[in-house]
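Report on the structure given below.
Please treat every number below as a calculation from the coordinates, not as lab data. Small disclaimer: the values here were computed from a predicted structure and weren't measured. Cβ coordinates were reconstructed from backbone atoms using ideal geometry, including for glycine residues, and neighbour counts include every protein chain displayed.
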Amino acid sequence: MDDYSHSVEAKEIIVDLGTRSYPVLVGSNCVNDVTKYLPESVKRVAIVTQGQIGIQLSTDKEQKVFVIEEGEDAKSINTIMELCRSWVDWGLTRSDIVIGLGGGMVTDVASFAASIYHRGVNVINIPTTLLGMVDAAIGGKTGVNLPEGKNLIGTFWQPNAVICDLNALQTLPKREWKCGYGEIAKYHFLGAKDMRGKDLIDTVLECIKVKSKIVSQDELEGGRRAILNYGHTLAHALEIENDFALAHGEAVAIGIRYAAEVAFLMGRIGEDRVLYHQEILDHYELSTKLQKSMDPNKVISLFLRDKKSKDGITFVLDGETGVEPILVQDRNILKKAMEVVQ
């Protein structure tokens, strides 16, 4: 599935948001097509990236590269402030544009900074990881972390375009592929066609189609869009509890398996559906086991920090009519499900 050795003609999907609709371009050698998506007003292009990305972006405008640190510690309000101050020093204006070039962390940070700088400047996302292409860079959710939780400060700020150049994946480490597979596995339960055996571009396009449809229906996550967080309630808790030693996609895979067990214990799905969850996760060679040393009570307490938990612990759970947000009041079920996946 990770065959990127041959050239693939770029294909475009539109995220339909009325006057704020935008294209997502997927293919090979399309990174420099970015110039087609620059508004006429743009004089300066601020490129936010990281040192290890190694992709040289060329536009026909005055441009400057702003390098941010690696790791979840850099996904902070301090990084946002440093970026904005650098943009002020350079002279970036509301008529200019920001480009986020990197993984999901980079596009989250770049888009958030763009959304609040001068009360909002245009942004283009160029994801360079599989996770970024199928999920993080699309949909307009931006944000940074607090010590208390993941993505607790953020905005909704839709990009002008998203460009997914599959060639960027050529040097992606195996662990980063697994991160992407964790999110791809999620889409199997959100209405995507069975992607096992599909080519890389068809897999990426299928995930984008599903996410684009959901975002078009519920841009600001007032209802249905919450299903995109399938597997994420436990995932975010694990990331915090492990001080981000677990990568996001790895945590999501465990979270998906755990959510299936919770749904089973609540009588929402049968054993065959639980087995199907395991089958999909196994196909992508994803681990679904929690550490034995994990404290269930501490992890459950972190569930309440999840943004979906307005009236109590809320999980996105599978059921006869598909996945949906469900209030889980019985903590014994949560503990029992945790024992099963340990």
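Mind checking the range 105-209 for GluC sites (Glu not before Pro) that DSSP puts in a loop (not H, G, I, E or B) and that have at most 14 other Cβ atoms within 10 Å? The partial results should precede the final answer.
On the way: sites: 148, 176, 183, 206; in loops: 148.
In loop regions of the range 105-209 (DSSP not H, G, I, E or B), the sparsely surrounded GluC sites (Glu not before Pro) are 148.
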Of the candidates 164, 30, 207, which one comes out as most mobile in a Gaussian network treatment of the chain with C-alpha springs shorter than 10 Å? 30
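Using DSSP to define loop residues, name the GluC sites (Glu not before Pro) in the range 218-287 whose beta-carbon has at most 15 other beta-carbon atoms within 10 Å. Mind dumping the intermediate values first?
Values: sites: 219, 221, 239, 241, 250, 261, 271, 279, 285; in loops: 219, 221, 285.
Passing both the DSSP loop test and the Cβ count: 285.
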Could you please rank 280, 313, placing first whichever residue has the fewest other Cβ atoms within 10 Å of its Cβ? 313, 280
Give, rounded to the nearest 20 debye, the magnitude of the charge dipole that the chain has about its Cα centre when Lys and Arg contribute +1 at Cβ and Asp and Glu contribute -1 at Cβ. 680
Cα atoms only: what Rg and Dmax, in Å, come out for the range 1-148? 15.0, 45
Could you tell me which trypsin sites (Lys or Arg not before Pro) in the range 234-326 are loop residues by DSSP with no more than 11 other beta carbons within 10 angstrom of their beta carbon? 289, 292, 310
Can you tell me, using C-alpha contacts under 8 Å and at least 6 residues apart, the relative contact order of the chain as a whole percent? 15
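Would you mind checking 289/310; 61/193; 75/186; 310/336; 174/211; 36/75 for any pair whose Cα atoms are more than 31 angstrom apart?
Details: 289/310 28 Å; 61/193 41 Å; 75/186 24 Å; 310/336 23 Å; 174/211 24 Å; 36/75 29 Å.
The pairs that break the limit, which is 31 Å between Cα atoms, are 61/193.
Can you sort 111, 86, 21 from fewest to most other Cβ atoms within 10 Å of each residue's own Cβ?
21, 86, 111
Would you mind working out the magnitude of the charge dipole of the range 139-214 relative to its Cα centre, with +1 at each Lys and Arg C-beta and -1 at each Asp and Glu C-beta, to the nearest 20 Debye? Walk me through the intermediate numbers first.
Numbers: 12 positive and 8 negative charges, 39 e Å.
Around 180 debye, computed over the range 139-214.
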What helix-only [θ] at 222 nm does the chain give? Using -39500 (n - 2.57) per DSSP H run of at least 4, over all residues, to the nearest 500, the answer is -11000 deg cm²/dmol
Grab the Cα-Cα distance for residue 86 and residue 55, subtract it from 0.36 nm times how many residues apart they are, and report the gain in nm with one decimal. 9.0 nm
Taking R0 as 25 Å, what FRET efficiency do you get between residue 332 and residue 311 from their Cβ-Cβ distance, rounded to the nearest 0.05? 0.85
Using amide H atoms built 1.01 Å from N in the peptide plane, name the residues 5+ places from residue 309, or on other chains, whose amide H lies under 5 Å from its own. 314
Of the residues 338, 304, 269, the Cα lying farthest along the dipole of the range 230-341 towards its positive end, which is defined by charges on the beta carbon of Lys, Arg, Asp and Glu, belongs to 304
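Sort 258, 117 so the one with the fewest other Cβ atoms within 10 Å of its own Cβ comes first. Don't jump to the answer; show the numbers that get you there.
Numbers: 258 26, 117 21.
Listed from fewest to most nearby Cβ atoms, that is 117, 258.
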Counting only backbone N atoms under 18 Å from a point 7 Å out along Cα-to-Cβ of residue 198, the residues of the range 26-55 in range are 26-28
